[in-house]
1. Would you tally the residues in the range 266-280 being surrounded by fewer than 19 Cβ atoms within 10 Å (Cβ to Cβ), part of a loop (DSSP other than H, G, I, E, B) and in contact (Cβ under 8 Å) with a residue 12 or more places away in the chain?
2. Hey, among the residues in the range 235-261 that are assigned to a helix (DSSP H, G or I) and of a type in the set (Phe, Trp, Tyr), which one's farthest from residue 193 (Cα to Cα)?
3. Out of (1) among the small types (Gly, Ala, Ser); (2) out of contact with any strand residue (DSSP E or B) (no Cβ under 6 Å at 6 or more places or on another chain); (3) in contact (Cβ under 8 Å) with a residue 24 or more places away in the chain, the odd one out for residue 57 is which?
4. Any chance you could count how many residues in the range 79-100 are within 12 Å of residue 152 (Cα to Cα), outside any loop (DSSP other than H, G, I, E, B) and touching a residue at least 40 places away in the same chain (Cβ under 8 Å)?
5. I'd like to verify a number: residues in the range 307-338 that are over 29 Å from residue 218 (Cα atoms), touching a Leu at 6+ places or on another chain (Cβ under 9 Å), aliphatic (A, V, I, L, M) and free of Cβ contacts under 8 Å to residues at least 60 places away in the same chain, how many?
6. Quick check: is even one residue across the range 6-27 assigned to a helix (DSSP H, G or I) and among the hydroxyl-bearing types (Ser, Thr, Tyr)?
7. Do we find that residue 296 is assigned to a helix (DSSP H, G or I), hydrophobic (A, V, I, L, M, F, W, C), modelled with pLDDT of 95 or more and under 13 Å from the mean Cα position of the chain (by Cα) in this structure?
8. Inside the range 41-52, can you point out the residues that are buried (at least 16 other Cβ atoms within 10 Å of the Cβ) and among the polar types (S, T, N, Q)?
Amino acid sequence: MNMKLLNRINRIYKEIQLSGTTLIQKSGEVLADTSTGYANKADQLKITNHTRFGIASGCKIFTAVAICQLVEEAKLSFDTKLTDCLDISFPNFDKGITIHQLLTHTSGIPDYFDEKVMDDFEELWIQKPMYQIRRLHDFLPFFKNEKMKYKPGEHFHYNNAGYILLGLIVEQVSGTPFADYMEKYIFSKARMLDSGYFALDQLPKDTAIGYIKNPDGTFRTNMYSIPVQGGSDGGAFVTTKDMLQFWDALANYRLINKDLTTQLLTPHVQEDDNEYYGYGVWITKKEEALFKYHVMGYDPGVSFHSAYYPNQNITLAVCANISNGAFDVMDGSEEELLT
């Protein structure tokens, strides 16, 4: 263990009152492994490094890898059009939308939850209760008949609905329900033995319940605030160990071949000065040089960051069962290790 790093993380935990866990490794050696808070506040069950956490949009990279696997099998290409690989009607969508554009958030389709317009994810479930959202098809009524936001390929605009469509493509092309496909071809291959797309009303043991802070300082669970079961745009559950297993499997080409891994990790579009997007993954550069590949996820009661720093061979995962805080831990860890 790196005691200086560990002490820095524990100070951050205390300062922001985090409820979560952090695992950092360098070349397979554990630098930090520390947890705080409760997985279940009512029963005071403490979080450990074996606790599973929801990771919201952090699992878009899993969907992107699944698409790349189908490309590797020559069942798709990145230029395949949406209309040619999904037999669902979208009356107002452009006919030229490609898989590449869906992967890079450049398709221009309407979103079911536009994070630049809506602040509160809970508002979605006023008209359609969250307990009815169990399959990818259940998201379609939110956006399938809406009009395009802009022309395909015009610019980057983060889009959850695009990843719902990618999951539906995985299901149709593979002939396998999305969660089953991920279990067999992603989690098993990466030896992510404790991960899955679990339903909130059927959570397995050692799974953290998500908590939302009320104005009076008390907490409520997020069971009425997010879909009852996650899918291709977000909502998987992982442990920190499993997330590092994923980065290792990806970097060593156990999930997709070298060429497709390079394609997935290529900065296809620029989102900000030093921030780019590949396929399901954010890419940060510093002074034009690659700094890290990273994924993140935020939902009510969920805060998650995970990163791979290839130049230092460092991998990091921070999971929390509250709505914020994971970034602070990642940021502080980077300052301690990489400045």
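The values are calculated or read from the model by the stated rules, or taken from the named source; none is laboratory data. Everything numeric here is computed off the predicted structure, so don't read it as measured data. Neighbour counts run over all protein chains shown; Cβ positions are idealised from the backbone, glycine included.
1. Of the residues in the range 266-280, 4 are surrounded by fewer than 19 Cβ atoms within 10 Å (Cβ to Cβ), part of a loop (DSSP other than H, G, I, E, B) and in contact (Cβ under 8 Å) with a residue 12 or more places away in the chain.
2. Just the residues of the range 235-261 that are assigned to a helix (DSSP H, G or I), to begin with: 240-251, 258-261.
So of that shortlist, the ones also of a type in the set (Phe, Trp, Tyr) come out as 246-247.
Numbers: 246: 11, 247: 14 Å.
In this case the residue turns out to be 247.
3. Condition not satisfied by residue 57: (2).
4. From the range 79-100, those within 12 Å of residue 152 (Cα to Cα) are 81-82, 93-100; that's our starting set.
Filter again for outside any loop (DSSP other than H, G, I, E, B), leaving 81-82, 98-100.
Filter again for touching a residue at least 40 places away in the same chain (Cβ under 8 Å), leaving 82, 98-100.
Of the residues in the range 79-100, 4 are within 12 Å of residue 152 (Cα to Cα), outside any loop (DSSP other than H, G, I, E, B) and touching a residue at least 40 places away in the same chain (Cβ under 8 Å).
5. 1
6. Our first condition is that a residue be assigned to a helix (DSSP H, G or I); within the range 6-27, this holds for 6-16.
After this cut, where a residue has to be among the hydroxyl-bearing types (Ser, Thr, Tyr) as well, the list is 13.
Yes, because at least one residue in the range 6-27 is assigned to a helix (DSSP H, G or I) and among the hydroxyl-bearing types (Ser, Thr, Tyr).
7. Numbers: assigned to a helix (DSSP H, G or I): no; hydrophobic (A, V, I, L, M, F, W, C): yes; modelled with pLDDT of 95 or more: yes; under 13 Å from the mean Cα position of the chain (by Cα): yes.
No.
8. Hit for the range 41-52 is 51, nothing else.
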